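Trainee: First, the structure itself, so that you have it in front of you.
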Amino acid sequence: MDQHPECYTIGSGIPVVLLHSSMSSKEQWGKLMDVLQEKYQVIAIDLYGYGVSPLPPNGFEFTLLQEAERIQTIIKQFIGDVKFHLLGHSYGAATALRFAYDHQEQLLSLSLYEPVAFHLLAKDDPALLVIVKLAEQIKQAVDCGDLSTGTRIFVDFWSGGGTYANIHMERQRSLNRYIQKVLLDFQAGIYEPLTIDDYARLQLPTCLIAGRKSPPSTRKIVENIARTLPQLEMHWIDGGHMAPITHAATVNRIWVDFLANISTTAICP
């Protein structure tokens, strides 16, 4: 495995770029990389503020576009102008969607698991108001210096009550250090100015996956995207928002099959 401080790359072939969820890192993709490396060059990147990547330099002026443009810079270093498949989960999926809007010509396909593109919810949607309140609760804890409470609120919302308490203390401390970037992720996802109509311009083969047990916010976002993107295949699974980790075999199989079908279609006359 070739390694750059903020990236892993392994395998050879058509590139597949992987973007992880909030409060995670490139390490999230170990199982998927093991499968994909047989046919693809796989590039897993630490998003801003995760793994060994630094926090963004502009603090609370941070945007989803800035996250996406950093990805563009890193990808250029690895593969230049070669076209690639882009795959993301949660915040990584929201970043992938934003990247695709500006760099569609570089992409062969888009694979998304529940993008937290909260800007695609109506301003008065109760599902969005729940997310805004969640972010406010986390910020209040962080502003008081209580990183563990902020992290607990975040983890338990997405993974179920009591999840954080059942995590080993050393792992809790590791997660706590990410909570300040989590707040920036919320900011980027909520206040991104693009609309669902903007994303309708994406003429890319797209695989969208969601869990039936996920919160209403991400299920509604997925439904909005599914109604809008013209070249989309939709998959619902019996999992939650963190299914790429908790139900990795199921999710990875869908992604692997999708990429294989895209490759087959591309070489057929």
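Values quoted throughout were computed directly from the atomic coordinates according to the rules given, and no laboratory measurement underlies them. Keep in mind the model is a prediction, meaning the values are calculated, not measured. Here Cβ is always computed from backbone atoms with ideal geometry, including for glycine, and neighbour counts include all displayed protein chains.
Trainee: Calculate for the chain the 222 nm mean residue ellipticity that helices alone would give, adding -39,500 (n - 2.57) per DSSP H run of length 4 or more and normalising by residue count, nearest 500 deg cm²/dmol. Don't skip to the end; give the middle numbers.
Mentor: On the way: 11 runs with 129 residues, N = 269.
Computed ellipticity for the chain at 222 nm equals -15000 deg cm²/dmol.
Trainee: Related question: State the antiparallel share, in %, of DSSP beta bridges confined to the chain, rounding to the nearest 5. Numbers along the way, then the final one.
Mentor: On the way: 7 of 33 bridges.
Just about 20 percent of them are antiparallel.
Trainee: Short version: ³J(HN,Hα) in whole Hz for each residue of the range 38-44, in order, from phi by Karplus 6.51 cos²θ - 1.76 cosθ + 1.60 (θ = phi - 60°), x for Gly and Pro, what are they?
Mentor: Whole-Hz 3J(HN,Hα) from phi for the range 38-44: 5, 10, 9, 8, 9, 10, 10.
Trainee: Restricting to the range 1-160, compute how many DSSP beta bridges are antiparallel as a %, nearest 5. Please list the in-between numbers first.
Mentor: Numbers: 7 of 23 bridges.
Antiparallel: roughly 30 percent of the beta bridges in the range 1-160.
Trainee: Take H85, H168 and order them by how many other Cβ atoms sit within 10 Å, fewest up front. Please list the in-between numbers first.
Mentor: On the way: H85 25, H168 8.
Taking fewest neighbouring Cβ atoms as first place, the list is H168, H85.
Trainee: Please get the size of the charge dipole for the range 180-232, origin at its Cα centre, with Cβ charges of +1 on Lys and Arg and -1 on Asp and Glu, quoted in debye to the nearest 20. Before the final figure, lay out the partial values.
Mentor: On the way: 7 positive and 5 negative charges, 62 e Å.
Roughly 300 debye for the range 180-232.
Trainee: Say the cut-off is 24 Å between C-alpha atoms; which of K133/K181; K26/K123; K139/K213 go over it?
Mentor: Values: K133/K181 17 Å; K26/K123 32 Å; K139/K213 26 Å.
K26/K123; K139/K213, as the Cα separations exceed 24 Å there.
Trainee: Let me ask you something else. May I ask you to order 94-102, 223-231, 21-29 by the average number of other C-beta atoms within 10 Å around their residues, highest value first?
Mentor: On the way: 94-102: 24.2, 223-231: 15.9, 21-29: 22.6.
Highest mean packing first, the order is 94-102, 21-29, 223-231.
Trainee: Can I ask one more? Which value results for Rg/Rh of the range 155-213 when Rg is the Cα radius of gyration and Rh the Kirkwood radius based on the inverse mean 1/r? Working shown, then result.
Mentor: Details: Rg = 16.6 Å, Rh = 14.9 Å.
Rg divided by Rh gives 1.11.
Trainee: On to the next question. Mind checking the angle between helix 248-267 and the chain's longest principal axis? C-alpha axes, 0 to 90 degrees, to the nearest 10.
Mentor: The angle comes out near 30 degrees.
Trainee: Ok, one more. With +1 on each Lys and Arg Cβ and -1 on each Asp and Glu Cβ, and nothing else charged, work out how big the dipole of the chain is about its Cα centre, in Debye to the nearest 20. All intermediate terms of the calculation are to be shown ahead of the outcome.
Mentor: Values: 22 positive and 28 negative charges, 85 e Å.
The calculated dipole for the chain is roughly 400 debye.
Trainee: Further question on the same structure: Got a sec? How would V132, V52 order by Cβ neighbour count within 10 Å, fewest to most?
Mentor: Numbers: V132 14, V52 11.
Fewest-to-most ranking of V132, V52: V52, V132.
Trainee: Could you derive backbone 3J(HN,Hα) for the range 75-89 from the dihedral phi with the Karplus parameters 6.51, -1.76 and 1.60 (θ = phi - 60°), listing whole Hz in sequence and x where the residue is Gly or Pro?
Mentor: Once θ is set to phi - 60°, the couplings for the range 75-89 become 4, 4, 5, 8, 10, x, 9, 5, 6, 8, 8, 10, 9, x, 10 Hz.
Trainee: Between Q231, A127, V251, whose Cα lies farthest towards the positive end of the dipole of the chain when Lys and Arg beta carbons carry +1 and Asp and Glu beta carbons carry -1, centred on the Cα centre?
Mentor: Towards the positive end, the residue furthest out is V251.
Trainee: While we're on this one: May I ask you to order 189-202, 59-72, 235-248 by the average number of other C-beta atoms within 10 Å around their residues, highest value first?
Mentor: Details: 189-202: 15.6, 59-72: 17.2, 235-248: 18.7.
Listed from highest to lowest mean packing, they are 235-248, 59-72, 189-202.
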